[in-house]
Amino acid sequence: MNHAALAQAFLDRAVDALARNGFSLRLDHNLYSWRHYVREVMRDHPKTAMIASTTFDPDHSTFTKAHCYWIEVEDTALQRVGCIACRMFSTDDYLQLVRSQRLWSDKDFEFKREAVRLIAPSLPLLSGMIGHHGGLWIEPEFRRNGLSVFLPRICRALSIRQWAVDWHCGSVLDHLVARGVPTRKYGYPHCVPLIDGYLPHMQQEGKLWLTYISQEEMLQQLSEETEILDAHGNKNLVDLAKLFAERQGQAGVTSPSPITSTPD
């Protein structure tokens with residue numbers, strides 16, 4: 001089975017599992033719509049840490065509709081449930097996107113008013129076609145039901161199908177890493193410290209972590225989790241998420257180490 005066919009096989013089964021649990025997905029390549037959606041979330045949940053990341057904002061970053069998408073989740077009553085966004089970068093070095101701050105914006109000169117303190121440890125060269133996901137949101141009443149496990153995986157499968165990405169990456173804040181969310185829920189086998197200091201996309205001090213997965217690891221994950229869905233697809237999303245987590249633990253992950261303050 002080729003890469004696109006494997007990704008599609010997983011997508012078919014994942015979408016069916018969501019539908020059996022009362023959820024539908026809508027794929028959109030207009031990220032202005034995503035920004036509007038997230039701003040409504042921020043208005044309705046003023047205490048949330050959710051932001052309309054400039055990475056996915058067409059007013060701050062240059063990209064075409066062929067190289068981006070976002071997914072909206074609704075329930076059977078067409079109620080807002082959640083979302084996730086994704087872009088594809090073609091680059092010789094993903095970390096250079098971070099150093100130059102082009103990961104977050106290639107239009108705003110005022111945006112780059114402070115240097116980024118990059119503290120990433122020794123990494124493989126993240127180059128080629130790279131998917132980058134973000135903007136994940138689940139409405140509070142729909143949390144703890146497996147959606148945050150499924151959406152990043154669906155995102156990666158779409159990136160394999162549409163762009164044949166070499167890597168997939170994301171960035172998460174310290175409090176999510178402390179809870180094991182990037183590896184246990186999002187399914188990334190690697191989570192390493194990236195920035196300790198000024199965070200350009202949030203315009204504040206903080207700690208940011210890099211999550212990444214290679215194409216080979218994505219394909220292995222897609223294959224094994226497609227088998228799980230074939231064997232247990234009638235289970236609810238929470239039980240399926242637990243089976244995915246068990247598989248993830250057996251596959252092994254990079255255990256996060258405490259962030260240090262060694263500058264780049």
(request) Give the span of region 3-251's Cα atoms along each principal axis, as three whole-Å numbers ordered largest to smallest. (result) 52, 40, 35
(message) Based on alpha-carbon centroids, what's the gap between region 203-222 and region 91-106 in Å, whole number please?
(response) 15
(message) So, R0 is 25 Å and r is the distance between the beta-carbons of residue 2 and residue 230; what FRET efficiency does that work out to, to 0.05?
(response) 0.85
(message) Give me the percent relative contact order of the chain, please, defined on Cα pairs under 8 angstrom at least 6 residues apart.
(response) 22
(request) Report the one residue of 198, 21, 188 whose Cα lies farthest in the direction of the positive end of the charge dipole of region 3-251 (charges on C-beta: Lys and Arg +1, Asp and Glu -1; origin at the Cα centre). (result) 198
(message) Explain nothing, just the number: dipole magnitude of region 3-251 about its Cα centre with +1 on each Lys and Arg Cβ and -1 on each Asp and Glu Cβ, in debye rounded to the nearest 20.
(response) 360
(request) Mind pulling the angle between the C-alpha long axis of helix 31-44 and the longest principal axis of the chain? Nearest 10 degrees, somewhere in 0 to 90. (result) 90
(request) Calculate how steeply helix 215-232 sits against the longest principal axis of the alpha-carbon atoms of the chain, using the helix alpha-carbon long axis, and give the answer as 0 to 90 degrees to the nearest 10. (result) 30
(message) Cut-off is 10 Å between beta-carbons; in what order do 190, 133 appear when sorted fewest neighbours first?
(response) 190, 133
(message) At a 10 Å Cβ-Cβ cut-off, how would you order 35, 161, 20, 156, fewest neighbours first?
(response) 20, 161, 35, 156
(request) Before rounding to the nearest 500, sum -39500 (n - 2.57) across all DSSP H runs of length at least 4 in the chain and divide by the residue total; then give [θ] at 222 nm in deg cm²/dmol. (result) -11500 deg cm²/dmol
(request) Calculate how steeply helix 147-163 sits against the longest principal axis of the alpha-carbon atoms of the chain, using the helix alpha-carbon long axis, and give the answer as 0 to 90 degrees to the nearest 10. (result) 80
(message) Could you compute the net charge surrounding residue 23? Neighbours are other residues with a C-beta less than 12 Å from the C-beta of residue 23; K and R count +1, D and E count -1.
(response) -2
(request) With a Förster radius of 22 Å, plug the Cβ-Cβ distance of residue 39 and residue 198 into 1/(1 + (r/R0)^6) and report the FRET value to the nearest 0.05. (result) 0.40
(request) Quick one: net charge around residue 242, please, counting Lys, Arg +1 and Asp, Glu -1 for every other residue with C-beta under 13 Å from its C-beta. (result) +2
(message) Calculate the FRET efficiency for residue 178 and residue 30 from the Cβ-Cβ distance with a Förster distance of 22 Å, rounded to the nearest 0.05.
(response) 0.05
(request) Return the single residue from 14, 241, 77 with maximal mean-square fluctuation; model: Gaussian network over the chain, springs between Cα atoms under 10 Å. (result) 77
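We did not get these values from a lab; they are worked out from the coordinates using the rules stated. Just so we're clear, the structure is a prediction, and the values are computed from it rather than from any experiment. FYI the Cβ positions are ideal-geometry reconstructions off the backbone, even for glycines, and counts take in every protein chain you see.
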